Amino acid sequence: MPGTRTVSRCAECGALLQNLSDPVGQCPKCGFDLHACKQCEHFDPASRFECNQPIPARISPKDKRNDCSLYSIRVMIEKETSSKGSQRPNDARQAFENLFKK
């Protein structure tokens with residue numbers, strides 16, 4: 001059964017963001033501002049002012065750096081889909097034989 005992991009990804013390019021204690025910088029891959037509405041866990045295009053939190057006015061643009069005090073980086077739970085190389089058989093015949101070992 002595959003495991004899960006908690007990750008943050010860039011809202012613009014999908015790059016994995018690692019070692020972020022205070023995400024005030026930019027994405028290392030595309031340069032997207034990380035302290036922006038599109039990167040926030042409260043961002044919701046269907047909500048009033050596109051935010052789940054009670055903000056007094058719309059913050060615009062959503063893809064540029066802002067100083068919102070309610071900002072919290074979006075964290076997702078993903079399934080681990082990669083397998084370790086040591087567990088993979090060397091060839092198809094070996095994989096077939098491994099299926100019927102007793």
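The values are calculated or read from the model by the stated rules, or taken from the named source; none is laboratory data. Bear in mind that the values here come from a model prediction, so they are computed numbers and not experimental data. As a convention, Cβ positions derive from the backbone with ideal geometry for all residues, glycine included, and neighbour counts pool all protein chains shown.
Which count do you get for residues in the stretch 30-61 that are closer than 16 Å to CYS10 by Cα and in contact with a Phe, Trp or Tyr (Cβ under 7 Å, 6 or more places away or on another chain)? Number satisfying all stated conditions: 3. Applying a threshold of 9 Å to beta carbon distances and a minimum spacing of six or more residues, or different chains, the list of pairs starting in the stretch 66-82 at a residue that is under 11 Å from HIS42 (Cβ atoms) and ending at one that is surrounded by 10 or more Cβ atoms within 10 Å (Cβ to Cβ) and among the acidic types (Asp, Glu) reads TYR71/GLU41; SER72/GLU41; ILE73/GLU41; ARG74/GLU41. Listed conditions (1) closer than 19 Å to THR4 by Cα; (2) at pLDDT below 75 are all met by LYS102, apart from (1). Scanning the stretch 62-82 for any residue that is at pLDDT 85 or above, touching a Leu at 6+ places or on another chain (Cβ under 7 Å) and outside any loop (DSSP other than H, G, I, E, B) turns up at least one such residue. Within the stretch 26-48, which residues are surrounded by fewer than 16 Cβ atoms within 10 Å (Cβ to Cβ) and either of a type in the set (Lys, Arg) or at positive phi (or both)? Those that are surrounded by fewer than 16 Cβ atoms within 10 Å (Cβ to Cβ) and either of a type in the set (Lys, Arg) or at positive phi (or both): LYS29, GLY31, ARG48.
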